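Trainee: Quick one: the structure is below, questions incoming.
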Amino acid sequence: MINNRIKHDVLKMIFLLFLATPLAFAGANDDDIRPSKSHPQYWQYKGREILLLGGSNDDNIFQSADLEEQLDLLQAAGGNYIRNTMSARDSGNVWPFQLREDGKFNLNKWNDEYWRRFANFLRQTAERDIIVQIELWATFDYYRDNWARNPFNPKNNVNYNTQRSKLPEVVDTHPIFTDNNFFRSVPSKLNITPVLWQQQRFIDKILSYSLQYDHVLYCMDNETSVSSEWGKFWARYVQKKAKLLGRTAQTTEMWDAWELS
């Protein structure tokens, strides 16, 4: 029997999957996850059409201690899809960057444990043929209390200050108000070079793991209200990185409830 929480999560994941707006449907190898050629409302993986169904007990499940248990439960319930935000805001999570003795992060040095967890997540899902949707920018990590302790906050790292980064140290508003310039770093917006460079390093690191696999979808954000220029930049960035390796990345965006026209 599937408990009510899992049933609820499965329905929620189906709903979220349909909310993800495709940004690119380039071709891929037959084994790669991609939209079906004959029925594009479905996906195709390893040469056969599939309907993606999923659920979990956390949105950044790669950081969960019970990862394997959750994946086994999903598989036993007939699921084949899971979304994963690259978030570090929950108790027991670790950030991707190295924390110094003075309590500040060095964005130029990685926290190996974060990446070990991510690598294990990709390996475990690949072994079970569970499709992964990675949400690169975990929106709620960059606002309110989460922003106050985020390594990208200029007060928390040794790599840039508020003047160079144009980033606020405090963002008390909900993400729907988009009050953090972190999401305006791209060239078509504020072109904040020191921040953009670190953002690119972070995405490059993610891709160094994920582009080794054929079961990964890429969603730029988790429930975003920022300009479409942000998502467009990162979708094209991911696609170009994949192309350099002879691969194709299927990129999407997850919009919050706002007027898309």
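Trainee: As an exercise, find the ratio Rg/Rh for the range 114-198 from alpha-carbon atoms, using the Kirkwood inverse-distance average for Rh.
Mentor: Working: Rg = 15.6 Å, Rh = 14.6 Å.
Here Rg/Rh amounts to 1.07.
Trainee: Let me ask something else about it. Using a 1.4 Å probe and ignoring any ligands, DNA or RNA, find the accessible area of E69 and quote it in Å² to the nearest 10.
Mentor: 120
Trainee: Here is a further query. Under the Kirkwood approximation for Rh and a Cα-based Rg, what ratio Rg/Rh is obtained for the chain?
Mentor: Numbers: Rg = 18.1 Å, Rh = 19.0 Å.
Using Cα coordinates only, the ratio equals 0.95.
Trainee: Could you work out [θ]222 nm for the chain from helices alone, using -39500 (n - 2.57) per DSSP H run of at least four and dividing by all its residues? Round to the nearest 500 deg cm²/dmol. Please list the in-between numbers first.
Mentor: On the way: 7 runs with 86 residues, N = 261.
After summing the helix terms and dividing by the residues of the chain, the value is -10500 deg cm²/dmol.
Trainee: Stretch W115-K37 to full length: gain in nm at 0.36 nm per residue minus the Cα-Cα span? Working shown, then result.
Mentor: Numbers: separation 78, 0.36 × 78 = 28.08 nm, distance 3.43 nm.
Residue separation times 0.36 nm, minus the Cα-Cα distance, leaves 24.6 nm.
Trainee: If you don't mind, another one. In the Gaussian network model of the chain, springs joining C-alpha atoms below 10 Å, which of R100, R149, R236 carries the largest mean-square fluctuation?
Mentor: R100
Trainee: Report the label-to-label distance for K189 and Q212 in nanometres (one decimal), using points 7 Å from each Cα along the Cα→Cβ vector.
Mentor: It is 3.2 nm.
Trainee: Report Rg/Rh for the range 53-200, rounded to two decimals, where Rg is the Cα radius of gyration and Rh the Kirkwood radius. Walk me through the numbers before you get to the answer.
Mentor: Details: Rg = 16.8 Å, Rh = 16.6 Å.
A ratio of 1.01.
Trainee: Run the reach check for K109 against lysines, Cα to Cα strictly under 27 Å, same-chain hits fewer than 8 apart removed. What comes back?
Mentor: K155, K166, K205, K240, K241, K243
Trainee: While we're here: Which far-off residues, 5 or more places away or on another chain, put their amide H under 5 Å from the one on W43, with H placed in the peptide plane?
Mentor: Under 5 Å from the amide H of W43: S36, I50, L52.
Trainee: Give, rounded to the nearest 20 debye, the magnitude of the charge dipole that the chain has about its Cα centre when Lys and Arg contribute +1 at Cβ and Asp and Glu contribute -1 at Cβ. Walk me through the intermediate numbers first.
Mentor: Working: 31 positive and 32 negative charges, 180 e Å.
In debye, rounded to 20, the chain gives about 860.
Trainee: Suppose the Debye formula is applied to equal point scatterers at every Cα of the range 84-153; what is log10 I(q)/I(0) at q = 0.13, 0.16 Å⁻¹?
Mentor: Calculated log10 I(q)/I(0) at the listed q: -0.42, -0.62.
Trainee: Let me check I have the definition right: for the range 205-244, take the eigenvalues of the Cα gyration tensor, multiply each by 5, take square roots. What are those semi-axes in whole Å, largest first? Show your work: numbers first, answer last.
Mentor: On the way: eigenvalues 84, 28, 11 Å².
Its equivalent ellipsoid spans semi-axes of 21, 12, 7 Å.
Trainee: Separate question: Just to verify a number: FRET efficiency for S225 and N57, C-beta to C-beta distance, R0 = 22 Å, to 0.05? Intermediate results must be reported in sequence, preceding the final value.
Mentor: Working: r = 26 Å, r/R0 = 1.20.
It comes out at approximately 0.25.
Trainee: Between helix 67-76 and the chain, what is the angle of the helix's C-alpha long axis to the longest principal axis, kept within 0 to 90° and rounded to the nearest 10?
Mentor: Roughly 30 degrees, rounded to the nearest 10.
Trainee: Express the relative contact order of the chain as a whole percentage, based on alpha carbon pairs under 8 Å and six or more residues apart in sequence.
Mentor: On the way: 431 pairs, mean separation 53.6, N = 261.
About 21 percent, as a whole number.
Trainee: Next question, about the same structure. Treating only the Cα positions of the range 184-261 as identical point scatterers, give the base-10 log of I(q)/I(0) from the Debye formula at each q in 0.14, 0.22, 0.24, 0.27 Å⁻¹.
Mentor: -0.48, -1.09, -1.21, -1.35
The values are calculated or read from the model by the stated rules, or taken from the named source; none is laboratory data. Keep in mind the model is a prediction, meaning the values are calculated, not measured. Quick reminder, even Gly has a Cβ in these numbers, built from the backbone with ideal geometry, and neighbours come from all protein chains shown. With ligands, DNA and RNA removed, areas are computed over all heavy atoms of the protein, side chains included. Shrake-Rupley method; radii C 1.70, N 1.55, O 1.52, S 1.80 Å.
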